[in-house]
Amino acid sequence: MNIGQNQIEKHNDSLLTAHQRKLAFLKEDWAHVDLEAVIQKLVDFQIAIPSWALGTGGTRFGRFAITGGEPRTIEEKIEDVGLLHALNGASGAISLHIPWDIPQNAATLKQLAAGYGLKFDAMNSNTFQDQAGSAHSYKFGSLQNVNKAIRKQAIEHNIEVIKHGVALGSDALTVWLADGSCFPGQLNFRKAFENTLESLQEIYSALPDDWKMFVEYKAFEPNFYSTTVGDWGQSLLYASKLGKKAYTLVDLGHHLPNANIEQIVALLLMEGKLGGFHFNDSKYGDDDLTAGSIKPYQLFLIFNELVEGMDAKGMNHAKDLGWMIDASHNVKDPLEDLLQSVEAIMIAYAQALLVDRKALNVAQDNNDVAKAQEILQHTFRSDLRALVAEARLRAGAALSPIGLYRDLDVRNHLVNHRGKTVATGL
Ligand code: PSV
Ligand code: MN
Ligand code: MN
């Protein structure tokens, strides 16, 4: 299904007067700020959609698929991200997970994606599940495994993923390892680290010069005693030892409860070792809920550090880090959920762009704690949705992406076309 420009224009016309009223109010309220520059930054900002989030998620207790129409092939996954991008103008990339996705004809896929204005974002490898027909099992880890042949299989898989990525025009590999142990004594931590580092070094040496490697960390699950890339310190250690193409990837759901993620982000950025994000939200663990649905203030505080740190280093907000969603949805239409995540991320970014940074610096230098808090909460509590909507309007997208998605009955079109299919993946 394609959403036509005329359908978007008709939708926008019906909402334009109300939108302009809200925007005019914001322009008056923020007259002292260059709002045009802020809107342009919002237009430029793109958030990659993971191919595995386009189908209904589940838990180990079961999966309740939506009414159907889930993508059956990579082509249909690209089509879904194309729909999202047409609706919000901010989802201009897809992130693939191998072998959940098997990109057979890269040139055709590239062409298809380009037709929707999409690029291929970071490629993800999978050494956390055994695949049918593979020689070795990852039951006791992949890159850390005590068995060299198993490590080799995992290394080769990652190199294969890089090759797929090169053919598709991607420029990053995300390595997330389930490696770790479930019981004390199971693993020699030092040897596990050394094996993992050695394996990562082999993968790193297969990385093209203009590629990045993102080392994703996670505190727990599926291993529940130790994880071999368990926190940002361990990820940073691997990334530093690997070299300048290796970075830490922060998945918001991968921390122990109440971790100060914004501080982690600030320090990684300071060290030039922050690679990118997997956005999601959580109440308890790696819940993979809609970004901003539980802790929107945390999301804003993270973006506040990002804007501050990236500006201090003269970095390009849109290009210099990897922005990805990593979410799952057990009870919502995945496409609606993804639209909500992108909206929440854009709002947090807009809020961070509007923080009165000079005043904040002065408050910090004077130890004026109350003032510093006032400054942050002033933008956090400002309703900036019209700014984000204006960015969408200028990008040729919809003022209300979910509104248009529902008005056009997109899900039913997909069901009619694809049937009651359930996507592959988690
Ligand atoms: C692991 O929990 C993770 O966050 C990694 O990024 C995986 O690749 C992804 O989820 C798979 O769902
Ligand atoms: Mn992740
Ligand atoms: Mn995760």
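No value in this document is a laboratory result; all are computed from the given coordinates. Everything numeric in this text was worked out from a predicted model, so none of it was measured. We place every Cβ from the backbone using ideal geometry, glycine too, and count neighbours over all the protein chains shown.
Starting from the Cα of E271, step 7 Å along the direction of its Cβ; do the same at T17; then give the gap between the two resulting points in nm.
With each label point 7 Å from Cα toward Cβ, the separation is 5.6 nm.
Write down Rg/Rh for the stretch 30-142, rounded to two decimals, with Rg from the C-alpha atoms and Rh from the Kirkwood relation over Cα pairs.
1.09
Show me, for the stretch 51-56, the HN-Hα J-couplings you get by feeding each phi into the Karplus relation (A = 6.51, B = -1.76, C = 1.60, θ = phi - 60°), rounded to Hz, glycine and proline as x.
4, 7, 9, 7, x, 5
Which value, in debye to the nearest 20, describes the size of the charge dipole of the stretch 330-426 about its Cα centre when Lys and Arg Cβ atoms bear +1, Asp and Glu Cβ atoms bear -1, and nothing else is charged?
280 debye
Can you sort E70, E271, E36, E343 so the residue with the fewest Cβ neighbours within 10 Å comes first?
Ordered from fewest to most neighbouring Cβ atoms within 10 Å, E70, E271, E36, E343 come out as E36, E271, E343, E70.
Within 14 Å, Cβ to Cβ, of G309, how many net charges do the neighbouring residues add up to if Lys/Arg are +1 and Asp/Glu are -1?
In short, -3.
How would K245, K319 line up from fewest to most surrounding beta-carbon atoms within 10 angstrom?
Starting with the residue having the fewest Cβ neighbours, the order is K319, K245.
Under a point-charge model restricted to the Cβ atoms of Lys and Arg (+1) and Asp and Glu (-1), what is the dipole moment magnitude of the chain relative to its Cα centre, in debye to the nearest 20?
So the dipole magnitude of the chain works out to roughly 600 debye.
Tell me the net charge near V229. Cut-off is 10 Å between Cβ atoms, V229 excluded, with +1 for each Lys or Arg and -1 for each Asp or Glu.
-2
Going 7 Å from the Cα of N412 along its beta-carbon direction, which residues of the stretch 51-94 have the amide nitrogen within less than 15 Å of the resulting point?
Hits in the stretch 51-94 for N412 at 15 Å: 67-69.
As a footprinting exposure proxy, order L23, L414, L354 by other Cβ within 10 Å, with the fewest listed first.
Lowest count first: L23, L354, L414.
With a sphere of radius 11 Å drawn around the Cβ of A219, what net charge do the other residues whose Cβ falls strictly inside it have (Lys, Arg +1; Asp, Glu -1)?
With Lys, Arg at +1 and Asp, Glu at -1, the neighbours total -3.
For the chain, what's the relative contact order in percent, using C-alpha pairs closer than 8 Å and at least 6 residues apart?
23 percent
Suppose only helical runs count, i.e. DSSP H with n ≥ 4. What mean residue ellipticity at 222 nm does that imply for the chain under -39500 (n - 2.57) per run, divided by all residues and rounded to the nearest 500 deg cm²/dmol?
It comes out at -15000 deg cm²/dmol, rounded to the nearest 500.
Starting from the Cα gyration tensor of the stretch 61-120, take the square roots of the eigenvalues, sort them a ≥ b ≥ c, and report rounded, prolate or oblate (rounded when a/c is under 1.5, otherwise prolate if a/b is larger than b/c, else oblate).
oblate
So what's the chain giving for Cα Rg divided by 2.2 N^0.38 Å, two decimals?
Output field value: 0.99.
Between the alpha-carbon centers of the stretch 1-33 and the stretch 264-332, tell me the distance in whole angstrom.
Rounded to whole Å, the Cα centres lie 27 Å apart.
Can you bin every Cα-Cα distance in the stretch 228-347 into 10 Å intervals starting at zero and give me the percent of pairs per bin, rounded to whole numbers?
So the P(r) values, bin by bin, are 13, 45, 33, 9, 0.
Could you check the simple spin-label distance between V33 and N316, using points 7 Å along Cα→Cβ, in nm with one decimal?
2.4 nm
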